[in-house]
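To start, the structure under review is shown below, and the notes come after it.
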Amino acid sequence: MAALWAWPLSVLADTWRLAAVTARPGLARPVLRDLPLPERTGPAWALILYSATPGGYAVADRPPRVHLLVPEPGLLERALAPGKDGAR
């Protein structure tokens, strides 16, 4: 549920990040990351939320994997997997 509340702010933050990367391409450091989800969280809805932001999109569902513009966890990732950075 926290991810649903974090989503609108995540879209704004990712839009800003995308604008910065567009203006200065050297800022982009794309990364593939496995998304650690809590026990009873379905990957389908989590990956739909991710794909609906400008900063990342779903690549696979088993395991949940996303492509991101930068390696640092964003607001949505922190809401989906609190306490984990998901780095790979």
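Assorted remarks:
- Condition check for Gly55: surrounded by fewer than 17 Cβ atoms within 10 Å (Cβ to Cβ) and at pLDDT below 90: no
- Residue match in region 37-53 (condition: closer than 14 Å to Glu77 by Cβ, of a type in the set (Ser, Thr, Tyr) and in a loop (DSSP other than H, G, I, E, B)): yes
- Of all residues in region 21-33, those satisfying the criterion of being surrounded by 11 or more Cβ atoms within 10 Å (Cβ to Cβ) and either more than 20 Å from Val11 (Cα to Cα) or among the aliphatic types (A, V, I, L, M) (or both) are Val21, Leu27, Ala28, Val31, Leu32.
- Close pairs from region 44-71: first at positive phi, partner among the basic types (Lys, Arg), Cβ under 6 Å, at least 6 apart: none
- Ala3 vs. criteria modelled with pLDDT of 90 or more, surrounded by 14 or more Cβ atoms within 10 Å (Cβ to Cβ) and of a type in the set (A, V, I, L, M): no
- Residue that is nearest to Leu12 (Cα to Cα) [pool: residues in region 72-83 that are surrounded by fewer than 17 Cβ atoms within 10 Å (Cβ to Cβ) and without any contact (Cβ under 8 Å) to a residue 24 or more places away in the chain]: Glu72
The values are calculated or read from the model by the stated rules, or taken from the named source; none is laboratory data. These figures come from a predicted structure and were not determined experimentally. So basically every Cβ, Gly included, is an ideal-geometry build from the backbone, and we count neighbours across all protein chains shown.
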